[in-house]
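Below: the structure, in C-alpha cells.
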C-alpha cells in the first residue's frame, strides 16, 4: 500500500467513467487497454495511468469506487502504480447513477478536517452541497465517461493542491 501522508490532501478516485471509459462511439474510441473484470469488458484509459502517477506527487490516492477492493486486483499493474491503494467500502452500492451513496464512506475515511478532492463521473447536487459544507478544503472534479480523467483535470487538481 502506498504510504499515506496526513499533510497531503486525499484524492478520491472513481473508476467507471474516470479510468474505465464508456459511452464513446467506435470511431472515437480513446486509447486504452481492454480488460475483463467479473465477466464485463472495461476500456482502461491509457492517459489515466500517467495522470494518476502525476497526481500521486500532490495527493494520497484512494479508490472511491463500487469496485472497492477489486480496484487493487486489476488496476495497479495496468496503471503503473507502485502498490495497492487504500479503498473505500460502501454499505450501499446502487451502481451507476449519482455518487451521493458514497458520501458516508468518504466522510468516515477523511473526517471533517482533511482536505480532499474527488474525481467522479456521477457527481450531483447532494455531492456539491456536502462539499460546500465541509470545514476542510474540498474540490469536486466531474469527468465525462467517454473521456475520463484528462490533462485539464490534472492541471486543475495539481494547482488546487499546491495552493493549499
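The values are calculated or read from the model by the stated rules, or taken from the named source; none is laboratory data. If you're wondering where the values come from, they're calculated on a predicted model, not measured in any experiment. Cβ: placed from backbone, ideal geometry, glycine included. Neighbour counts: every protein chain shown.
Quick notes on this one:
- Residue check, residue 78 within 22 Å of residue 41 (Cβ to Cβ) and modelled with pLDDT under 95: yes
- Selection status of residue 61, farther than 13 Å from residue 18 by Cα and modelled with pLDDT of 95 or more: yes
- Residues in the stretch 28-49 that are part of a helix (DSSP H, G or I) and touching a helix residue (DSSP H, G or I) at 6+ places or on another chain (Cβ under 6 Å): 1 in all.
- Residue check for residue 85: at pLDDT 90 or above, within 28 Å of residue 137 (Cα to Cα) and not in a loop (DSSP other than H, G, I, E, B): no
- Single residue of 164, 116 found to be in contact (Cβ under 8 Å) with a residue 24 or more places away in the chain, surrounded by fewer than 19 Cβ atoms within 10 Å (Cβ to Cβ) and more than 30 Å from residue 29 (Cα to Cα): 164
- Among the residues of the stretch 24-31, none qualifies, meaning not one is touching a strand residue (DSSP E or B) at 6+ places or on another chain (Cβ under 8 Å), surrounded by 23 or more Cβ atoms within 10 Å (Cβ to Cβ) and on the phi < 0 side of the Ramachandran plot.
- So residue 77, is it in a helix (DSSP H, G or I) and either within 12 Å of the chain's Cα centre (by Cα) or under 22 Å from residue 34 (Cβ atoms) (or both): yes
- Among (1) crowded, with 17+ Cβ neighbours inside 10 Å; (2) under 24 Å from residue 29 (Cβ atoms); (3) at pLDDT 95 or above; (4) over 11 Å from the mean Cα position of the chain (by Cα) - the single one residue 151 does not satisfy: (1)
- When residue 52 is tested against (1) in a helix (DSSP H, G or I); (2) free of Cβ contacts under 8 Å to residues at least 60 places away in the same chain; (3) buried (at least 20 other Cβ atoms within 10 Å of the Cβ), just one condition goes unmet, and that condition is (2).
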